[in-house]
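Input: a single structure, listed below in structure tokens.
Values in this text are rule-based calculations from the coordinates and carry no lab data. Predicted model only: the values in this text are computed from it and were never measured. Every residue, glycine among them, receives a Cβ derived from its backbone with ideal geometry; neighbour counts consider all protein chains shown.
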Amino acid sequence: MGHSTHAYQGDDRNQSILININGELFPRDEAKVSVFDSAFMLGDGVWEGLRVHHGKIPFLKKHLDRLYAGAKALDFHPGVSKDALATRLNETLLANHMHDGVHLRMMVSRGTKSTPYQDPRVTVTPPTIVIVPEYKEALPETVTKGIDLFTVHVRRGFPDVQDPKLNSHSKINCILACIQATKAGASEALMLDPHGFVATCNSTHFFIVKDDQVITSTGQFCIDGVTRGAVLTICEREGIKSAQTNFSLMDVYSADEAFVTGTFAGLVPVTSIDGRVIGDDTGLNQEVGAGDNRGPMVKRLQKLYVELLDEECRSD
């Protein structure tokens, strides 16, 4: 994978992981779902990315609430309770002897269909629930050197077309955005909303820092990011000025700092956007990608975020 927030170092242990499919564990090479599965044929399902910190899954309730809300919006139920699904996640970690440095991908589809057709009424099985645990951590240099972004033409659309708050398997707009950014030589895509204001990135949430204020979008045109919410909580707790508001690319290009958030890598600095270096002209970010490109606010928030993870996952 090219350099993005999801870049990671391969781990040979992942070849022998056990994958959970509908409550049953399978070796990696034997883990399969039907070609008639709703997610495979139509992108009909919801998913969550989860991390493991000190043997626990931080913010698990928020992730499960978002998953079940998405399934309800798609008019199906995962078929098990939130508590039962949480138990299944922990049993999967236990079976794989996993404690730290782990990323989980949990996918829930409507189920298997009797024939290739979009109508949910031809679904003939209960929902399919797949949990893939992997030893996977962001590269250490990602959180210091940062990434660069490119503003793409693909917009985060109105909810009457496809609600951007829905964390569904149908991610073709984000994939197209990612492709355009990659072709432009950038790490990830910066996406605007239908009004031309900054919305989010193709796989992370976007923030700028201006005059010691942490600013992100209104949230109307992006999913309810768990790490995004954690950063806003940190700001409130620590007395850091923050705002969820509309802002344009002009605000972005003149920002003091910029960063993205996501479950996998936490907080990652952004060094340049559309070829424009982010930061002052006294040395910070002058050589994009070289050394430590973090500004003071990003460094502070990264530290506070790790402390919040520790607090979330401390032993009872």
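For every other residue with a beta carbon closer than 12 angstrom to the beta carbon of VAL226, add +1 if it is Lys or Arg and -1 if Asp or Glu, then tell me the sum.
+1
Just to confirm the number: angle between the C-alpha axis of helix 296-313 and the first principal axis of the chain, 0 to 90 degrees, nearest 10?
Between helix and principal axis, roughly 30 degrees.
How far is helix 82-95 tilted off the main Cα axis of the chain, in degrees rounded to 10, range 0 to 90?
Result, in degrees: 90.
Provide the per-residue ³J(HN,Hα) series for segment 186-200, in order, calculated from phi with Karplus coefficients 6.51, -1.76, 1.60 and θ = phi - 60°, each as a whole number of Hz, with x at glycine and proline positions.
Along segment 186-200, the couplings run 9, 6, 8, 9, 9, 10, 9, 8, x, 9, x, 7, 5, 10, 5 Hz.
To test your reading of the geometry: what angle, between 0 and 90 degrees and rounded to tens, separates the Cα axis of helix 172-183 from the longest principal axis of the chain?
50
What's the whole-number percent of alpha carbon pairs in segment 186-316 lying beyond 16 angstrom?
Tail fraction, whole percent: 61.
What translational diffusion coefficient, in µm²/s and rounded to a whole number, does the Stokes-Einstein relation yield for segment 106-227 at 20 °C and a viscosity of 1.002 mPa s, taking the hydrodynamic radius as the Kirkwood radius over Cα pairs?
It diffuses with D of about 127 µm²/s by this estimate.
For GLY111, enumerate residues with amide H under 5 Å from its amide H, sequence gap 5+ or separate chain, H modeled in the peptide plane.
Result for GLY111 returns SER38, ALA39, THR128.
Ranked from highest to lowest mean number of other Cβ atoms within 10 Å per residue, what is the order of the peptides 115-123, 304-312, 190-198?
Answer by packing, highest mean first, reads 190-198, 304-312, 115-123.
Arranged from highest to lowest average of other beta-carbon atoms within 10 Å per residue, in what order do the peptides 214-220, 138-144 appear?
Highest-to-lowest ranking by the protection proxy: 214-220, 138-144.
When the chain is fully extended, how far beyond the present Cα-Cα distance does ASN14 get from GLU141, taking 0.36 nm per residue of separation?
43.5 nm
Grab the beta carbon distance between VAL33 and HIS54, set R0 = 25 Å, and tell me the FRET efficiency rounded to 0.05.
0.20
Efficiency by 1/(1 + (r/R0)^6): what FRET value for VAL306 and PHE158, r their Cβ-Cβ distance, R0 = 35 Å, to the nearest 0.05?
In this case the efficiency is close to 0.40.
Under 20 °C and 1.002 mPa s, how fast does segment 12-135 diffuse according to Stokes-Einstein, given a Kirkwood radius computed over C-alpha pairs? Answer in µm²/s, whole number.
Details: Rh = 14.9 Å.
Taking Rh from Cα pairs, D becomes 144 µm²/s.
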